[in-house]
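To start, the structure under review is shown below, and the notes come after it.
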Amino acid sequence: MKFSRKTVLGAAVTAGALLTTAACGSGDDTGGAPSAGTVVVPDPGGDLGKAMKKAFFDPFEKKTGIDVVLSPGEFDAAVVLTGVKAGAPAFDLVNINGAVLQRFRDGAALEPVDYTQWKAGDRDKISPVKAADDAVPAYYISVVPAWSTAKLGDQALTSWADFWDVAKFPGKRTLAPGAWGAGGATFEIAALADGVAPKDLYPIDYDRVFASLDKLKPNLVKYWETGAEPIQLLTGGQVTVASAWNGRVAGAKEKGVPVASTWNQSILQYDNWAILKGAKNAKNAQKLLAFMMEPQAQADFANAITYSPANSAAFDLLSEDRAALLPTSPKNVASAVTQDYDWWTATAPGSTKSNEEVAIERWQAWVSK
């Protein structure tokens, strides 16, 4: 899965690419030693793929002799579900966005997680979202208010209400498009900006959300299309304030880019690890999943990329400076809001459509005005 979340469900993985990757294998050179088997996983690519390989896949191969076969191409839920239904899943272990997980559950497409494979205590440490019978949170990212320090100087936003306050914090804005549904957290952001308390966010009041967006619309330059674009718009001077994923802000700051953000009212998003029904290498997938959830592997992952570990015990192994960059560190998570994917995927009252589908329809009508 590549971060833009818009493209999480993009192009299908071709069978040819999968077969090519499987034939080539992956991981350390074992000098011709026989493999202990394989486990096929979609390759998310980019920095996320590199972090997973460094923290999870390479150490797992070295420890077990099981080859982690990384299949290139973006994850297409519909294609993957079709493969499961046909009894030929393309992967063993998959990384599924929280807002899409219910589709796999509805399709009876997931194997139960074998928690007997896990080290004692690890399941209890999965937080703030708990590990389920059929899926485990993989990592957390946050959508945060970000701004150009070159334009605002010492002024600092402390909430989404400040994001809307163009008198106090002058300049143009950018948000993710509501056409992504839950993906860009735009609906939650607009509600919080209008004063809705985090505990009262769900069910989302669409009338209140769009009234809130009406107030900001004259100052919206555009709706960003990729995870990199908010930083580009901030540094290019087109906008002064943007919603952005925390990792993008952290990466820019490391390079000396004049941007800042606040953790207050950050919107937590997460993906899930799950094993596909009928997976050819299900036993190896269970072993890999258990290994990835160990505190040390989780800490190694968080040191490789600014995504929060799913196992909260990993924070005991991270430096204070590193923890400060992560959405679910004890300090940062206190003021965070976790997206409710159960609500987003539930059927809307009086409709046959999901809450997300209804939100997208409302957005399309609003944005076209």
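The values are calculated or read from the model by the stated rules, or taken from the named source; none is laboratory data. What you are looking at is a predicted structure, and each value in this text was computed from that prediction instead of being measured. Note that each Cβ is placed from the backbone with ideal geometry, even for glycine, and that neighbours are counted across all protein chains shown. These accessible areas exclude ligands, DNA and RNA; they are computed on the full protein's heavy atoms, side chains included. Shrake-Rupley method; radii C 1.70, N 1.55, O 1.52, S 1.80 Å.
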Karplus ³J(HN,Hα) for segment 265-273 (6.51 cos²θ - 1.76 cosθ + 1.60, θ = phi - 60°; Hz, whole; x = Gly/Pro) runs 6, 4, 9, 6, 10, 8, 10, 10, 8
For L220, list long-range residues whose amide hydrogen, built 1.01 Å from N in the peptide plane, is under 5 Å from its own amide hydrogen.
R173
Quantify, in whole percent, the carbon and sulfur part of the accessible surface of segment 222-369 (1.4 Å probe; protein heavy atoms only).
49
Which of T64, Q296, A250 sits farthest toward the positive end of the charge dipole of the chain, with +1 on the Cβ of Lys and Arg and -1 on the Cβ of Asp and Glu?
A250
Rh (Kirkwood, all Cα-Cα pairs) for segment 22-168, Å, reads 18.8
Can you list residues whose amide H is under 5 Å from L157's amide H, if they're 5+ apart or on another chain and H is modeled 1.01 Å from N?
none
Given Cβ point charges of +1 (Lys, Arg) and -1 (Asp, Glu) and nothing else, what value in debye, to the nearest 20, does the dipole of segment 321-369 about its Cα centre take?
180
Do the alpha carbons of any pairs in K119/K253; K50/K130; K222/K353; K50/K125 sit beyond 30 Å of each other, and which pairs?
K119/K253
Shape descriptor, segment 146-239: equivalent ellipsoid semi-axes (Cα gyration tensor, sqrt 5λ, whole Å, largest first) stand at 22, 16, 11
Cα centre as origin, Lys/Arg/Asp/Glu Cβ charges: the chain dipole, Debye:
540
For segment 45-96, the Debye formula with one identical point scatterer on each Cα and no solvent gives log10 I(q)/I(0) at q = 0.25, 0.31 Å⁻¹ as -1.02, -1.21
Average Cα contact separation per residue, the chain, under 8 Å, 6 or more apart, as relative contact order %
24
Per-residue [θ]222 nm for the chain (sum of -39500 (n - 2.57) over DSSP H runs n ≥ 4, rounded to 500)
-9500 deg cm²/dmol
Charge-dipole axis of the chain as Lys and Arg at +1 and Asp and Glu at -1 on Cβ define it, positive-most pick from A108, G83, I360
I360
Quick one: net charge around L201, please, counting Lys, Arg +1 and Asp, Glu -1 for every other residue with C-beta under 12 Å from its C-beta.
-3
Here segment 108-114 yields Karplus 3J(HN,Hα) values (6.51, -1.76, 1.60; θ = phi - 60°; whole Hz; Gly and Pro given as x) of 6, 9, 10, 7, x, 6, 8
Give the long-range amide H neighbours of N272: residues separated by 5 or more places, or on another chain, with amide H under 5 Å away, using H modelled in the peptide plane at 1.01 Å from N.
I96, N97, G98, A138
Under 18 Å from the Cα of K277 - lysines, other chains or at least 8 residues apart
K85, K287
Cα-centred dipole magnitude for segment 103-180, charges only on beta-carbon of K, R (+1) and D, E (-1), debye, nearest 20:
360
If the viscosity is 1.567 mPa s and the temperature 4 °C, what translational diffusion coefficient in µm²/s does Stokes-Einstein give for segment 226-369 when Rh comes from Kirkwood over Cα pairs?
71
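For the chain, give me the percentage of DSSP beta bridges that are antiparallel, rounded to the nearest 5 percent.
Here the antiparallel bridges make up roughly 70 percent for the chain.
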Residue-wise HN-Hα coupling along segment 308-317, computed from phi with Karplus coefficients 6.51, -1.76, 1.60 (Hz; x: Gly, Pro)
6, x, 6, 8, 4, 5, 4, 5, 5, 10
Residue-normalised value, i.e. accessible area per residue, for segment 263-306 at 1.4 Å probe, in Å², stands at 30
With all distinct Cα pairs included, what does the Kirkwood hydrodynamic radius of the chain come out to in Å, to one decimal, could you say?
21.4
Taking each pair of distinct Cα atoms in segment 48-129 once, what is the resulting Kirkwood hydrodynamic radius in Å?
15.1
